[in-house]
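The values are calculated or read from the model by the stated rules, or taken from the named source; none is laboratory data. Quick caveat: nothing in here was measured; it's all calculated off a predicted structure. Ideal geometry is used to build each Cβ from the backbone, glycine not excepted, and the neighbour counts take in all protein chains shown. For accessibility, only protein heavy atoms count, side chains too; no ligands or nucleic acids. Shrake-Rupley method; radii C 1.70, N 1.55, O 1.52, S 1.80 Å.
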Amino acid sequence: MLLRAALLAGALLVLAACGGSGKTAATTTNGGLPPGCTVPEVDRTVRAFLSRPNFAPAGVFEVYGTQESDGRKFLARNRDLALAHARSRFQLGERSRLIELRVAPQDFNHARVTFRLTRFGPDFRRRGITSRLVSGAGTIDCAHQKVAAWITKGP
């Protein structure tokens, strides 16, 4: 187990050192992912969410939140409120690009993800936001292949 973790860490370092290829380092921390949540499926789900925000159905949706470097915070446990916020940021021109994605099983119908993004919004300069890196975690609803939870910190 320790050797496997060391190999995974080494592989991630090599992938991170390569940079700029436009490809994401998507990995899994262990096997046993639920149906509908293989690493490629989760990667597609996350990329679809970033290109057009959408969440798991209301009964499955958990939470959406952001904490930004200018002190602004948003947290919603209501799917419609979360969707309105995410889509309004997208309509304002905010865009995110996936840099790193890690996937692990959570339960029989969910996968846990941690990720790093670059994020840009046209209002960032005015708000004094100069960085672009974002870290976060979330939950993927494997049955619907949608984001059930999404929490980010930064930029």
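Net charge in the neighbourhood of residue 101 (other residues with Cβ under 10 Å of its Cβ; Lys, Arg +1, Asp, Glu -1) is +1. Measuring only protein heavy atoms, the 1.4 Å probe finds residue 50 accessible over about 30 Å². For segment 25-123, the spherically averaged projection of the C-alpha convex hull amounts to 6.6 nm².
Of the listed residues 107, 123, the order by accessible area with a 1.4 Å probe, largest first, is 107, 123. Among the trypsin sites (Lys or Arg not before Pro) in segment 71-114, those placed in a DSSP loop whose Cβ has at most 15 other Cβ atoms within 10 Å are 72, 77. Phi-derived couplings, Karplus 6.51 cos²θ - 1.76 cosθ + 1.60 at θ = phi - 60°, listed residue by residue for segment 133-143: 7, 10, 10, x, 8, x, 10, 9, 7, 5, 5 Hz, with x used for Gly and Pro.
Backbone geometry of segment 37-45 corresponds, through the Karplus equation with coefficients 6.51, -1.76 and 1.60 at θ = phi - 60°, to 3J(HN,Hα) couplings of 10, 5, 4, x, 5, 5, 4, 5, 4 Hz, x marking Gly and Pro.
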